[in-house]
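The structure under discussion appears below in the form of structure tokens.
The values are calculated or read from the model by the stated rules, or taken from the named source; none is laboratory data. Since this is a predicted model, take the numbers as computed values, not measurements. FYI the Cβ positions are ideal-geometry reconstructions off the backbone, even for glycines, and counts take in every protein chain you see.
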Amino acid sequence: MTVEPPPSTWAFPPVATADPDGLLGLGADLEPGTLLAAYRAGIFPMPITGVPELAWFSPDPRGVISLVEFHAGRSLRRSMRRFTLTADAAFEDVVAGCADPRRPGGWITPAVRAAYLRLHELGWAHSVEAWDADGTLAGGLYGVEVGGLFAAESMFHVRTDASKVALAGLVERLREAGGARVLDVQWTTNHLRTLGARDVPRADYLAWLPAALDAPPAFR
């Protein structure tokens, strides 16, 4: 069950004012109400190295994974048999894995980590975990779910294909929930493209949001 936090004291500018890199502005805070207001408006936070203020983005195009087009190939299906999947069984450990400072391009600061733990405690942030046969956490992902919007934030693995298996488990869960769903991955990367991510115009993404936000959540 989700708990609606107090509303944000900040107001975001129109997403159309974002610069060519999708940067909308600097500042605000990471309070739960601010984060939820951002996701509901098609905006997300991401710290920029060397910049003390928090950065907020609404890129054009936007990276999404189509639940219809996602396909687990033969290799991934074999990998899925090697792991056991759970949801919200080790949220803090998954975020810690994603925030490992040894990972290149790490952006999950202690403040960001604490903010998403608060969202998890309020029922808005969720994780999918992939476990080895010996019970070791092999990988996972976490993100924020608002209605039928799942904004995937980060994934990690310590065993080959574990994060891909976690993503396949997430897609299956969202498919089973039915209704209007958007699986947001913010920006596409070469790695995400191999998993079915694609770019869509920001206008399309924003047009899909209202129906998705009104859908019942897949994580309950």
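Taking Phe219 as the residue in question, decide whether it is surrounded by 15 or more Cβ atoms within 10 Å (Cβ to Cβ), under 16 Å from the mean Cα position of the chain (by Cα) and not assigned by TED's automatic domain parsing to the domain that holds His71. Spelling it out, Phe219 is indeed surrounded by 15 or more Cβ atoms within 10 Å (Cβ to Cβ), under 16 Å from the mean Cα position of the chain (by Cα) and not assigned by TED's automatic domain parsing to the domain that holds His71.
State which residue is farthest from Ala212 (Cα to Cα) when the search covers only the stretch 110-148 and only residues that are without any contact (Cβ under 8 Å) to a residue 40 or more places away in the chain and in contact with a Lys or Arg (Cβ under 9 Å, 6 or more places away or on another chain). By that ranking, first place goes to Thr136. Scanning the stretch 37-87 for residues that are basic (Lys, Arg) and either more than 23 Å from Ala215 (Cα to Cα) or crowded, with 17+ Cβ neighbours inside 10 Å (or both) gives Arg62, Arg74, Arg77, Arg78, Arg81, Arg82.
Condition check ((1) among the β-branched types (Val, Ile, Thr); (2) in the same structural domain as Arg159 (by TED's automatic domain parsing)) across all residues:
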| site | (1), (2) |
| --- | --- |
| Pro6 | no, no |
| Ile48 | yes, no |
| Ser66 | no, yes |
| Ser79 | no, yes |
| Phe91 | no, yes |
| Pro101 | no, yes |
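Across the stretch 5-36, the qualifying residues are those that are among the acidic types (Asp, Glu) and either in contact (Cβ under 8 Å) with a residue 12 or more places away in the chain or crowded, with 16+ Cβ neighbours inside 10 Å (or both), and the one among them that is farthest from Cys98 (Cα to Cα) is Asp21.
One residue alone among Arg173, Arg181 is basic (Lys, Arg), touching a helix residue (DSSP H, G or I) at 6+ places or on another chain (Cβ under 9 Å), at pLDDT 95 or above and under 22 Å from Ala87 (Cβ atoms), and that residue is Arg181. Of these, Ala138, Ala203, Ala177, which one is over 14 Å from the mean Cα position of the chain (by Cα) and buried (at least 22 other Cβ atoms within 10 Å of the Cβ)? From the options Ala138, Ala203, Ala177, the qualifying one is Ala138.
Highlighted here are the strands (runs of 3 or more DSSP E) found entirely within the stretch 1-99 that include at least 1 residues which are closer than 22 Å to His157 by Cα and over 18 Å from the mean Cα position of the chain (by Cα): 84-87. Scanning the stretch 55-83 for residues that are touching a helix residue (DSSP H, G or I) at 6+ places or on another chain (Cβ under 6 Å) and small (Gly, Ala, Ser), we see that the one that is nearest to Arg202 (Cα to Cα) is Ser58.
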